[in-house]
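Trainee: Let me give you the structure first, and then I'll get to my questions.
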Amino acid sequence: MTAAAADPALIDSYREWTANALAEFGRLLDDWHAGTLPADAARQRLFEIGHNIKGMGASFGYPLMSDAGALLCSYLKLKPGDPRERAVLEALHNGLQAILALTPEQQTPAMAARLVTPLRLLCDLPDIAI
């Protein structure tokens, strides 16, 4: 765990920022599927959210957030317009929320197998994409 992750105030700030980002993620999906937000604009902003989650997660003791954020970015980059896109993005959103609910101590290989591995399989990405 990094020095930043050891500071409870920084972990709390990370969790708050990420919760807000995931709330935005949900609103983006709602607006996109309601037809009030163009798909390309939604995908771009979702990619930005995923990129930030990917970049910060491990630094704050949330490596599974980094893994799931990487999946989100790779999926959006490699499979735009996939017929399963809505279901995959909703699953990624739900998975990220479940991971954020864990403590840093719960970011274990067993939890990765339970939460990240199914998302990886759902995204159906080449091994080199992540």
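Trainee: Have a look at ASN20, ASN94, ASN52 and tell me which one the Gaussian network model of the chain (Cα, springs below 10 Å) gives the largest fluctuation.
Mentor: Among ASN20, ASN94, ASN52, the largest GNM mean-square fluctuation belongs to ASN20.
Trainee: Identify, among LEU125, ASN94, GLY50, the residue whose Cα sits farthest towards the positive end of the charge dipole of segment 3-129, taking +1 on the Cβ of Lys and Arg and -1 on the Cβ of Asp and Glu, with the dipole about the Cα centre.
Mentor: Result: LEU125, furthest along the dipole toward the positive end.
Trainee: How big is the chain by the Kirkwood estimate over distinct Cα pairs, in Å?
Mentor: Kirkwood hydrodynamic radius for the chain: 14.8 Å.
Trainee: Let me know the charge dipole size of the chain about its Cα centre in debye, to the nearest 20, where only the beta-carbon of Lys, Arg (+1) and Asp, Glu (-1) is charged.
Mentor: My answer is approximately 240 debye.
Trainee: A follow-up question, please. Select from ALA23, ALA113, LEU37 the residue farthest towards the positive end of the dipole of the chain; place +1 on Cβ of Lys and Arg, -1 on Cβ of Asp and Glu, and compute about the Cα centre.
Mentor: ALA113
Trainee: Which residue fluctuates the most in the chain, going by a Gaussian network model with Cα springs under 10 Å, if the choices are GLU85, GLU48, GLU105?
Mentor: Highest fluctuation among the options: GLU105.
Read-outs throughout are calculated quantities, based only on the coordinates presented, and are distinct from any laboratory measurement. None of these values were measured; they are calculated from a predicted model. Neighbour counts run over all protein chains shown; Cβ positions are idealised from the backbone, glycine included.
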